[in-house]
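Working notes for the structure below.
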Amino acid sequence: MFVELMPLLAGRTVLITVAKVDDKTLRVNVIPHGKTDDNTALTTPLTYTGSTEELDADLGKHLAGYVQTHQQTASTLAEAMATMEVAAKAAQEEAKRKAEERKKATQKSPATATTAEPASSTSSTPAETAPSSASTGTLGLFPPTSPEPAPTQSKGGLAL
């Protein structure tokens, strides 16, 4: 029985209680106690009830299965925690990267907007502005000749 308990005792203490149910039956509780931050799945007790002969014959097998299940659960929980930590770190890095990209984009947009404004405000080329400003005195703001308005057709008194 204690050979089967050794792997379980590696990281925690184990409390074993034995209670008499009736004249021929005993109840054995095996309760692992770990660290306070252990998952509750790792503190699930094993309870076995039977006659003294059944306990002598089978308790060791049941303890071996219990310890194996306990170790698998602990391993699965450790893997899940490691996976969650890696995923959390990746999500934090992604959030930082996106925040930096947004910060760079907001820093670049005012600079590009100020450099783009002067170029877009003077849409005419210097060759066009020089003759028009010299001939009309409007400093290139209006073309030298104004275009004729498009003729309108009227149908039923409405201009289209």
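Quick note: the coordinates plus some simple rules give every number you see, no bench work behind them. Computed from a predicted model, the values in this text were never measured in an experiment. Reconstructed Cβ throughout: ideal geometry from the backbone, glycine too, with neighbour counts over all protein chains shown.
Using the crude model of +1 on Lys and Arg Cβ and -1 on Asp and Glu Cβ, and no other charge, please compute the dipole size for segment 2-84 relative to its Cα centre, in debye to 20.
That gives a dipole near 180 debye.
For a quick protection proxy, order the peptides 53-66, 9-22 by their average other-Cβ count within 10 Å, most packed first.
53-66, 9-22
Using a Förster radius of 30 Å, what is the FRET efficiency between THR13 and THR47 based on their Cβ-Cβ separation? Nearest 0.05, please.
0.95
Given Cα pairs under 8 Å that are at least 6 residues apart, what percent is the relative contact order of segment 2-84?
27
Can you list the lysines whose alpha carbon is less than 28 Å from that of LYS103, not counting same-chain residues fewer than 8 positions off?
LYS103 reaches LYS89.
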